[in-house]
1. If we count GluC sites (Glu not before Pro) as exposed when they sit in a DSSP loop and have at most 13 other beta carbons within 10 Å, what is the longest stretch of chain A that avoids them all?
2. Would you kindly enumerate the cysteines in chain A that have no other Cys beta-carbon under 4.7 Å from their beta-carbon?
3. Which residue, A:V65, A:V29, A:V18, tops the fluctuation ranking in a GNM of chain A built on C-alpha contacts under 10 Å?
4. Using 7 Å Cα-to-Cβ label points, what is the A:Q192/A:L15 separation (nm, one decimal)?
5. Given an 8 Å cut-off on Cα distances and at least 6 residues of separation, report the relative contact order of chain A as a percent.
6. Where the centroid of each part is defined by its Cα atoms, how far is the stretch A:40-88 from the stretch A:171-201 in Å?
7. Treating cross-link reach as a plain straight distance, find the lysines whose alpha-carbon is under 27 Å from the alpha-carbon of A:K119, omitting any fewer than eight places away in the same chain.
8. Gaussian network model of chain A, Cα springs within a sub-10 Å range: biggest mean-square fluctuation belongs to which of A:A225, A:A159, A:A50?
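Read-outs: derived from the displayed coordinates by stated rules, not from any lab. Bear in mind that the values here come from a model prediction, so they are computed numbers and not experimental data. Counting neighbours? That spans all protein chains shown, and the Cβs are built from the backbone with ideal geometry, glycine included.
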Amino acid sequence: MKLATWNVNSLKVRLPQVLDWLKLHQPDVLCLQETKLEDANFPVPEIQAAGYQVLCSGQKTYNGVAILTRDAAREALAEIPGYSDPQKRVLAATIGGLRVICLYVPNGQSVDSEKYRYKLGWLEVFGSWLTHELSRHPRLAVLGDFNIAPAPRDVHDPALWEGKVLFSEPEREAFCRLAGMGLKDAFRLFEQPERSFTWWDYRMQAFRRKMGLRIDHILLSDALAKACTACSIDIEPRRNERPSDHAPVIAELNLIIDSGSSRIEA
DNA sequence: ATGGTAGAAACTCTA
């Protein structure tokens, strides 16, 4: 089975690209971020026509997450229990015995900003909830835009980015804390090309100049990491006309979803 | 020196 994540930066603009991508890659699950749509305006008929069911939690203008899934989802949750946040950034669902969490971590703007403090606080709260989710769901995957480059090799110019938002030490520590809960960075389970990134700023021709960061991730619990056979970044959509500034990330798992019995078979 | 581009929305904010 294939799990994927893509920050589309407006689903309204990117819907044709998403439909093309679904057809080409046929993932079992696709997590979307920055849909920027209220749920009432989500393009459900178009997604269903492509063979996917929709779970979404969105708002006007900013943020918004969704999970597109071939198989039925249950136990959907659109907020971290006990943490009321008007910003729609998290969506969890159980799909055939697999717990999937789609997330859009706050960007943080700059390290001296109120938004940066919100980001670190958000990660703290998310981490506590994740501990609880992991205790209930050994087969768990967290996919999304983490807005954190975990290591120097995930940044085109680590010296330039040192201490900057997306690569600052407190953010990297927060990422390590999540990974330390028994989650594996699927991308780093395999040998990868150097300078592998998932986001390139629209400005200064960053994509053409290969000035990117790897900030979109798929984290897998140990049980799922053992079944993971590949993980890659698909940079092709970043070459499109009117592209998202992010590329999709795909993980392949040697598992079969059995939605009838909600079990997973190796 | 704080640039630049894109999206949504509404003359600005967020990334």
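1. Maximal segment without exposed cleavage sites: A:1-161.
2. A:C56, A:C176, A:C228, A:C231
3. Residue with maximal mean-square fluctuation among A:V65, A:V29, A:V18: A:V18.
4. Output for this residue pair reads 3.2 nm.
5. 20 percent
6. Here the answer is 24 Å between Cα centres.
7. The qualifying lysines are A:K12, A:K36, A:K60, A:K88, A:K164, A:K184, A:K210.
8. Maximum among the listed residues: A:A159.
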